[in-house]
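The values are calculated or read from the model by the stated rules, or taken from the named source; none is laboratory data. Computed from a predicted structure; not experimentally measured. Neighbour counts run over all protein chains shown; Cβ positions are idealised from the backbone, glycine included.
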Amino acid sequence: MFNSFRTLALAAVAATGLTTLPAAAATLTYATAVEDFSQGLDALGNPVSALRSDPTAALGAPDGAFVALGFGGSITLSFGTLFGSPGAVIEITNLSRDTYIETADVFGITEGGMEVLLASITNATATTEIFFAGIYAAMKIVDTTTDLFPTIGSVRDGFDLDAVGVTAIPLPAGGLLLIGALGGLVVLRRRNAA
């Protein structure tokens, strides 16, 4: 009887782990839909160039196409599934990353619509890995760039987003395993009571 209980307890722990912990070498799931887009202005107070204003450029795997958020602008992306950590934000910078600094805040949005700050990031590298707690339905990226000085030959227009990847959480399968394990514990308890 102890072995049966231990087996069911291990199954419950394994099922719980499946619902909250991504695999160590998780494959990223990239954004599939733009839920909201509110583009800010460029450093001169003008609308961002139309060539840099297509929010769907942030969908899918990194491909070099990007959308400029504009100063104070934001984009909300969904992934076709709930997600957890880790994630990655891929940013495009065509000039020196040392002098062309762009920043953004990354928020997770719960199924209930609550926004939770996950990370504050920069364009110091093309890909920024982010690690966070919780399970979310969407991700919002808000430009927080404060360097408004145009570079010679170009006008700054905030954080330039190529792609966003997250770790999908397979809740239905993990949930079924957990329910099965808990049901097994109930059966064992009834047997012991009889």
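Got at least one residue in region 138-156 being surrounded by 17 or more Cβ atoms within 10 Å (Cβ to Cβ), basic (Lys, Arg) and under 12 Å from the mean Cα position of the chain (by Cα)? Can you show your working first?
Taking region 138-156 and keeping what is surrounded by 17 or more Cβ atoms within 10 Å (Cβ to Cβ), we get 138-145, 156.
Next cut, basic (Lys, Arg) only: 140, 156.
Adding the requirement that they be under 12 Å from the mean Cα position of the chain (by Cα) leaves 140.
Checked region 138-156: at least one residue is surrounded by 17 or more Cβ atoms within 10 Å (Cβ to Cβ), basic (Lys, Arg) and under 12 Å from the mean Cα position of the chain (by Cα).
Select from region 31-47 the residues that are in a loop (DSSP other than H, G, I, E, B) and under 17 Å from Val89 (Cβ atoms) and list them in ascending order. I'd like the intermediate steps shown before the answer.
Of the residues in region 31-47, the ones in a loop (DSSP other than H, G, I, E, B) are 31-32, 39-40, 42-46.
Listed by number, the residues that qualify are Ala31, Thr32.
Restricting to region 60-73, count the residues that are surrounded by fewer than 20 Cβ atoms within 10 Å (Cβ to Cβ) and either in contact with a helix residue (DSSP H, G or I) (Cβ under 9 Å, 6 or more places away or on another chain) or under 25 Å from Ile135 (Cβ atoms) (or both). Let's see the steps before the verdict.
Initial filter on region 60-73 (surrounded by fewer than 20 Cβ atoms within 10 Å (Cβ to Cβ)): 60-65, 72.
Okay, now just the ones that are also either in contact with a helix residue (DSSP H, G or I) (Cβ under 9 Å, 6 or more places away or on another chain) or under 25 Å from Ile135 (Cβ atoms) (or both), so 60-63, 65.
So the count comes out to 5.
Of (1) under 20 Å from Gly40 (Cα atoms); (2) part of a strand (DSSP E or B), Leu118 satisfies all except one. Which?
That leaves (1) as the condition not met.
Which condition does Ile109 not pass, out of (1) at pLDDT below 95; (2) closer than 27 Å to Gly134 by Cβ; (3) surrounded by 19 or more Cβ atoms within 10 Å (Cβ to Cβ), if it passes all the others?
Going through (1) at pLDDT below 95; (2) closer than 27 Å to Gly134 by Cβ; (3) surrounded by 19 or more Cβ atoms within 10 Å (Cβ to Cβ) one by one, Ile109 breaks only (1).
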